[in-house]
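The values are calculated or read from the model by the stated rules, or taken from the named source; none is laboratory data. All figures in this text were calculated on a predicted structure; none of them were measured in a lab. Positions of Cβ are generated from backbone atoms using ideal geometry, with glycine treated the same way; all protein chains shown enter the neighbour counts.
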Amino acid sequence: MIRLLGERESGIIYPLIFQRAEVTRRNYCLELSKHKDVEGVHKGSINSVDLDVIENRYLLSGAADSSIVIHDTQPANGEAQQTYKHVCQVSHNSGSTKHSVETIQWYPIDTGMFTSSGADYQLKIWDTNRLKVADKYSFHGIVYSHHMSGISVKHCLIAVGCSRSTVKLVDMKAGSATHQLRGHDSSVFVVQWSSRDEFLLATCGADNRVLLWDIRSAKGSLVTLDQHNGESASHSKCAKTAHDGAVNGLRFTSDGLHLVTFGTDNQLRLWNAFTGKNMLVNYGYVYNTSRKAAQIALSCSGSPDVVFAPSDSNIEVVDLYGGNRITTLRGHYNSVNCCIHDCQTQYLYSGGSDRNILVWAPSSETEDYEEHLRDQSKESRGEKSFTQRTAATADTWSSDEEDNR
Amino acid sequence: MSRKRSLLPDLYKSKRKYVPSASCSTENNVSTSQGGPTGLSDLLTDTRTALMLLRSMFPEGKFENRLPPIILKHQVYSYVKNRTLADKQMNDMRASGEIKMFKLGAEAGERSLVFTNKVNSCIVGQCTDISLDKDRLVKDFGFTDLEITQLVHASVLTVRDVGSWWLSIPNAGIFLKTFIRGRKAVLTMIRKSKYREVLKNDLQKRRWPRLARLGILYHIHDVIGADLVDCISTTSGELLRLRE
């Protein structure tokens, strides 16, 4: 780091290179944070977390006991040891019965509203300030996933995937579902808009398939991703599959050029988002126990970017383009359901069935914190020794004698 | 601290690389000849060399030369740590016709390899894919239905679906039976040892059941490559720990 700083100072390298290197180093050395944690509010397993796009500050989480909580990850007090307090919470959002919240997402433009969906067969749009449901849409089945495009300027559609095989697009302006996308044979686990093309949508489901859609085309899906790139699946009747098991994780890279999928055949796969070709990166065996959507996270602006994949009670960190395993993050007591990466501070937040949200911070920050603790204890010891010294040298009874004399 | 250092991205690492001196390398060779290819595994980056090594481990004589040396695809990963690179090189070798790939293994996704010069079959020699459909067989190779049936009887082809066949190796059943028995034996050995972990060198010295004819080294590479055990390097050699 010192060498790079020197080189940057003398103008040998661009500032961007230094930034990339530092971001990558921080991504590589994540560990369970010793000085930051999230206040435990949930009473059920956490199914989905999201961080707001504007400030990367408010952490939204939805749990299986139908509660929704917002935590503030940048509290105003500048202490080193921090517990992220919850700002507000909604418990029992669906009346008397508890329905699990499966997916939760901030409105991409501001924190004024957020969307949630789950086992109550509904997609709800919430007003954050009043904590009331502003609008809701009903579907015929458990809503596993919904997503709103972060870059769209021409539409404000929410894609919804549920236990029925059709994907629906809800227009918030019209107040109803406008499109139905038919193509899957079974329940749809994850839907995700591209982060580059606002009309491109990717969906995956229990029928082992990943479909790419252009929502302007009326013909159906654009591409069905094929894991063998058309080789041994040359048989015409055999449908093209992306995995040999249900696909329950899907994420576009931040530049929108690639797509990462995670299947119950314990494989991660990387796809070219434009051609739909399998990039044939072999990530090895990444254990996937989840039988519903598993939220994977990707780092951004690192020089080799990394994938964070929930794997039973651990999170596997693997190199996105090389496929090498970097580390395994161990900390949860039960299976991990979701994780989200903060691109600015390189923190990772993960939620699991043990009802905890854990904060993973770069280990260099932990070292800083330990140094800070050492300084603090040294200071306090210094003070104490000073008072002890003064106490030892002070004579409290001499004046009394002097008076007698 | 040293573990943390190893996680740094390449940009931070100094460009100087460790070059073993002459005396050190001869020592390495001696240890290699004694304890199998443990010292060699660090040096191997070439998939072809790994394949050659694995082929030499296959005991052809024990199968009365009825089988060509079969290598499982994931066994290569125990030598070549970069799986993406290994896959790419194997695909290149397959495209150039140097090796053949078959769908053969304990699980559905597993693939096995055979060097082409060991296979004496006309369609296997010409086809680079792992599966064939009827169009291809009839038009490109000029087979009649009867001949296809004969090929299936000779187990050069196995049925995949209506009008579609997997390529296969005659007598593959004998291999698979032995292979599954051997894998079970290795995993039982590791499971029964203390803390479910064992040094690779110790494991190689153990008594090996005679019915599992493939040899212990072949199976060690199989369980490492299939991610059934974790491979941890210690000061006294590699340690294999059973994955939960």
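Data table
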| item | result |
| --- | --- |
| Test: residue in segment A:25-39 that is of a type in the set (A, V, I, L, M, F, W, C), within 12 Å of chain B (Cβ to nearest Cβ), in contact with a strand residue (DSSP E or B) (Cβ under 8 Å, 6 or more places away or on another chain) and not in a loop (DSSP other than H, G, I, E, B) | yes |
| Subset of segment A:1-25 that is surrounded by 15 or more Cβ atoms within 10 Å (Cβ to Cβ) and over 30 Å from the mean Cα position of the chain (by Cα) - its residue that is modelled with the lowest pLDDT | A:4 |
| So residue A:150, is it touching a residue at least 40 places away in the same chain (Cβ under 8 Å), part of a loop (DSSP other than H, G, I, E, B) and surrounded by 15 or more Cβ atoms within 10 Å (Cβ to Cβ) | yes |
| Yes/no for residue A:341 being at pLDDT 90 or above, surrounded by 18 or more Cβ atoms within 10 Å (Cβ to Cβ), touching a helix residue (DSSP H, G or I) at 6+ places or on another chain (Cβ under 9 Å) and not charged (D, E, K, R) | yes |
| Members of segment A:300-314 that are touching a Lys or Arg at 6+ places or on another chain (Cβ under 7 Å) and on the phi > 0 side of the Ramachandran plot | A:301 |
| Condition broken by residue A:108, with the remaining ones in (1) within 29 Å of residue A:256 (Cα to Cα); (2) assigned to a strand (DSSP E or B) satisfied | (2) |
| Hey, residue A:28 farther than 15 Å from residue A:342 by Cβ, touching a residue at least 40 places away in the same chain (Cβ under 8 Å) and of a type in the set (Ser, Thr, Tyr) or not | yes |
| Single condition residue B:146 does not satisfy, out of (1) closer than 30 Å to residue A:267 by Cα; (2) among the aliphatic types (A, V, I, L, M); (3) not in a loop (DSSP other than H, G, I, E, B) | (1) |
| Test: residue in segment A:243-252 that is over 21 Å from residue A:338 (Cα atoms) and of a type outside the set (Ser, Thr, Tyr) | yes |
| Test: residue in segment B:192-199 that is farther than 24 Å from residue A:286 by Cα, outside any strand (DSSP E or B) and of a type in the set (Lys, Arg) | yes |
| Any hit, segment A:392-403, residues being buried (at least 16 other Cβ atoms within 10 Å of the Cβ), outside any strand (DSSP E or B), modelled with pLDDT under 90 and among the acidic types (Asp, Glu) | no |
| Among residues of segment A:286-318, those that are buried (at least 19 other Cβ atoms within 10 Å of the Cβ) and within 9 Å of chain B (Cβ to nearest Cβ), counted | 1 |
| Test: residue in segment B:158-167 that is more than 14 Å from chain A (Cβ to nearest Cβ) and either under 18 Å from residue B:100 (Cβ atoms) or buried (at least 18 other Cβ atoms within 10 Å of the Cβ) (or both) | no |
| Residues that are buried (at least 18 other Cβ atoms within 10 Å of the Cβ), over 19 Å from the mean Cα position of the chain (by Cα) and under 24 Å from residue A:264 (Cβ atoms), drawn from segment A:186-200 | A:187, A:188 |
| Those residues of segment A:265-281 which are buried (at least 21 other Cβ atoms within 10 Å of the Cβ), part of a loop (DSSP other than H, G, I, E, B) and either polar (S, T, N, Q) or away from chain B (no Cβ under 13 Å) (or both), in sequence order | A:273 |
| Members of segment A:319-373 found to be closer than 15 Å to residue A:80 by Cβ and in a helix (DSSP H, G or I), listed by number | A:364, A:365, A:366, A:367, A:368, A:369, A:370, A:371, A:372, A:373 |
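Yes/no matrix, rows are residues, columns are (1) under 22 Å from residue B:156 (Cα atoms); (2) away from chain A (no Cβ under 14 Å); (3) within 14 Å of the chain's Cα centre (by Cα); (4) surrounded by 17 or more Cβ atoms within 10 Å (Cβ to Cβ):
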position	(1), (2), (3), (4)
B:61	yes, yes, no, no
B:64	yes, yes, no, no
B:78	no, no, yes, yes
B:88	no, no, no, no
B:97	yes, yes, no, no
B:101	yes, no, yes, yes
B:104	yes, no, yes, yes
